[in-house]
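Written below as structure tokens is the structure these notes are about.
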Amino acid sequence: MAESIFKGYLINKVDYLLNDEIVTFITEDGTKLPCLSMGSRKISSKNGRNLFLGNYCEFEIFLARNVAKMSRLKKCQAITQTDWKLSLYQPFNLLCECVNRTIETNHYTYLFFKNMLVMINDSKYSEKTKILIILQKFCILSGIGLEVNCCVECGNKCLKTINFKKRGMVCNLHFNKNKDHLYSLKISKLFHYLFNEKYDELNIFFDEFNFAIKILKEYIDHNLGIKLFTINNY
């Protein structure tokens, strides 16, 4: 194994054996690096003190030379530390899960994590609003964003409802009452504001938040095959 030094965010930790962990970082170029961290669950471990989810770290690893072996963490130093209480916060755990379960990552995945972490730490939005924003940004990052400003079939701006099978809004002409679900005006408007990033307008639809989160979770599962367990309660 060759020693290599990287910088990136810690996005996942899994207990391994008695005192070890498998930790996963996303580097600045968007590479996901899982590695074995020996002894980091011990109270006396220097690495363990730096291995909190969301920490921006400089870490040195023995890089595995082939996919059949796992890299091994040698040293980790947190450059920016995240509040450990974030591990109890659903939007933060959702963000980590989205990035950790994305198979093909790149620099934009790294920026997604970085920018959403800033948003999570800001007190501007409610918890459920943050969940919706993360899901919306994750859809765009994954190439399944919704067209909400015109009919996806003909470009007509006189819209009927949101259609998740067609990935956007449809007009009255392209709404099939025998096959398509007619969502309420409030739900359609919520998604219009959400995917236009008019987040300050979302609170007027607060009563629809739970349903909107449930729909987006199912939409992601259907199109990406990713079941988001963090928000199973929706």
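The values are calculated or read from the model by the stated rules, or taken from the named source; none is laboratory data. Given the structure is predicted, the values throughout are model-derived calculations rather than measurements. Neighbour counts run over all protein chains shown; Cβ positions are idealised from the backbone, glycine included. Ligands, DNA and RNA are excluded from the accessible area calculation, which covers all protein heavy atoms including side chains. Shrake-Rupley method; radii C 1.70, N 1.55, O 1.52, S 1.80 Å.
Structural remarks
- Per residue value of the accessible surface for the chain (all protein chains in place, 1.4 Å probe), Å²: 54 Å²
- Value of D in µm² per second that Stokes-Einstein yields for the chain, Kirkwood Rh from Cα pairs, at 25 °C (0.890 mPa s): 127 µm²/s
- 222 nm mean residue ellipticity, helices alone, for the chain (DSSP H n ≥ 4; -39,500 (n - 2.57); rounded to 500): -9500 deg cm²/dmol
- On the chain, 51 percent of the accessible area sits on carbon and sulfur atoms, based on a 1.4 Å probe.
- Compactness of the range 61-192, expressed as Rg and Dmax over alpha-carbon positions, Å: 19.9, 62
- Distance between the 7 Å Cα→Cβ label points at His222 and Ser126: 2.6 nm.
- Using only side-chain charges placed at the Cβ, +1 for Lys and Arg and -1 for Asp and Glu, the dipole size of the chain relative to its Cα centre rounds to 280 debye.
- Ordering Thr161, Asn196, Asn178 by the projection of their Cα atoms onto the charge dipole of the range 153-204, which places +1 on the Cβ of Lys and Arg and -1 on the Cβ of Asp and Glu, puts Asn178 at the extreme positive end.
- Oblate is the label for the range 1-118, because the ratio a/c of its alpha-carbon gyration tensor axes (a ≥ b ≥ c) is 1.5 or higher and a/b is not greater than b/c.
- Relative pair counts by distance (%), Cα atoms of the range 137-194, 10 Å bins: 26, 57, 17, 0
- Area accessible to solvent at Glu127, 1.4 Å probe radius, in Å²: 80 Å²
- Sparse-neighbour loop sites [trypsin sites (Lys or Arg not before Pro); the range 144-191; at most 14 other C-beta within 10 Å; DSSP]: Lys157, Lys165, Lys177, Lys179
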